[in-house]
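Engineer: Take a look at this one; I'll ask things after.
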Amino acid sequence: MTQTEQIPAEAVIHNACILDGEPATFAEETADTWIAIAQGTVTARGRGDGWRDRAASARGDVVDAAGGFVAPAFVDIHCHGAGGASAEDGAEAIDAILDVHRAHGTGRLALSFVSDTVDGLCRSLRAGAGLVRERAMVMGLHAEGPFLSPDFKGAHAPEVLTSPTPGAAEAILEAADGTLAQITIAPELPGALDAIGRFTAAGVRVAVGHTAADFELTAAAFDAGASILTHAFNAMPGIHHRAPGPVLAAVEAEHVTVELINDGVHVAGPVARMLHELVPGRLALITDAMAATGLHDGSYHLGSLPVEVKDSVARLVTPDGSPGAIAGSTLTMDEAVKRAVAEVGLSPFDAVQAASLTPLRAVGGVLEAGDSLHAAGGTVDAGSLLAPGMPADLLLFNEDMSIRSMRT
């Protein structure tokens, strides 16, 4: 099989190591497990030679994993675009975004919108809500702003940044119409803690990010209901021995999921390793991908801001031509997972969990039998994404964690 070849709709995959399940119940990473799929659903899985009887009675193909890994398709909860298109471009551009990320192993994603005026964001959310209903791969929406700190704005237009008001919160909730998976808020802004409570009450996961908040204020935001840290270490104070900052506040709050852009640029490998060790089971790999993802170096936009991509690193274009702030990434989830194993030192199991079950849980994703996955207002009760009855959205890896084939 080639890297992008599709696994047959009906198949038995054997001689595999299935990277799926709760850590306490997961067996050693040995290639003696098998999984059977039919009509888009996992029908059975087991260990040893049981696959032979299943293969003999089934009509599908038999796939020898050759000692490789089988894992759930990736879930990316922070993705702005790809293929020359951005989330703000609406229905006309959505297929370009989805095609790129699907080809790199992502089965579901949340469309992320950069900061805009509240009215502009609401227009984008109304269009995005339709995409959630029309495209199974779009599991929800993410508003990254405009309730962000001007001191840690990153690649967000400063003129649209504002503090949350009750009216703005209600307008955003109405526009998203139940499809808002998460919203990023800087908790030091006036009205932020009240807004966190309102969004949380509506079933939206609130993320702390693009913030100047100290440890205590970030902890207060998590106490108020926030449950995600937006791209840890980026657009926030770092860790200081007398000023622990937002990252360690997230470490101390055990209900908080910590996002990581694992492209080797946003966060250095040793720091990413430390973060994984500090929040075991709570690390979510994200791409923060922008329009250049899947394309070449050159000139692009992130929201209203011009971006230049050089050596696959996206940075804002400054008036004097000097490199500006990092502007999203050109990362794909398969590269994030491969780096997590090869450079950060995660086990294949931990890397896959950080790219599938953990982010899904972070946004309250709902995964059901058949092929239904949605965000906002739900929970994931299953400890396994590839248990019998679950959607057969899966990836087959080579031993080096490159994707051999997929079914998404």
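Engineer: Among HIS210, GLY130, GLN353, flag the residue with its Cα farthest along the positive direction of the charge dipole of region 74-355, charges on Cβ as +1 for Lys/Arg and -1 for Asp/Glu.
Structural biologist: GLN353
Engineer: While we're looking at this one, here's another question. Taking a ≥ b ≥ c as the square roots of the Cα gyration tensor eigenvalues, with a/c under 1.5 meaning rounded and otherwise prolate when a/b beats b/c, else oblate, which class fits region 74-355?
Structural biologist: Details: a/c = 1.25, a/b = 1.02, b/c = 1.23.
Taking the square roots of the gyration eigenvalues as a ≥ b ≥ c, region 74-355 is rounded.
Engineer: With a 10 Å radius around each residue's Cβ, average the other Cβ atoms per peptide and rank 136-147, 243-254, highest first.
Structural biologist: On the way: 136-147: 26.5, 243-254: 19.8.
Highest to lowest by the protection proxy: 136-147, 243-254.
Engineer: Something else about it: Take the chain, connect every pair of alpha-carbon atoms lying under 10 Å apart with a spring to form a Gaussian network, then pick out the residue of ASP32, ASP151, ASP320 with the largest mean-square fluctuation.
Structural biologist: ASP320
Engineer: Take the alpha-carbon centre of region 192-226, take the same for region 48-120, and report the distance between them in whole Å.
Structural biologist: Centre-to-centre distance over Cα atoms comes out at 29 Å.
Engineer: Ignoring everything except DSSP H segments at least 4 long, calculate the 222 nm mean residue ellipticity for the chain; use -39,500 (n - 2.57) per segment, divide by total residues, nearest 500.
Structural biologist: Values: 11 runs with 106 residues, N = 408.
So the helix-based figure for the chain works out to -7500 deg cm²/dmol.
Engineer: Return a whole-number percent for the relative contact order of the chain, with Cα pairs under 8 Å and 6 or more residues apart as the contact set. Could you put the intermediate results ahead of the total?
Structural biologist: Working: 1032 pairs, mean separation 85.9, N = 408.
Here the relative contact order equals 21 percent.
Engineer: For a quick size check, give me the Cα extents of region 1-128 along its three principal axes, largest first, whole Å.
Structural biologist: Largest to smallest, the principal-axis extents are 59, 33, 23 Å.
Read-outs throughout are calculated quantities, based only on the coordinates presented, and are distinct from any laboratory measurement. Note that this is a predicted model, so its numbers are computed, not measured. Backbone-built Cβ (ideal geometry, glycine too); neighbour counts: all protein chains shown.
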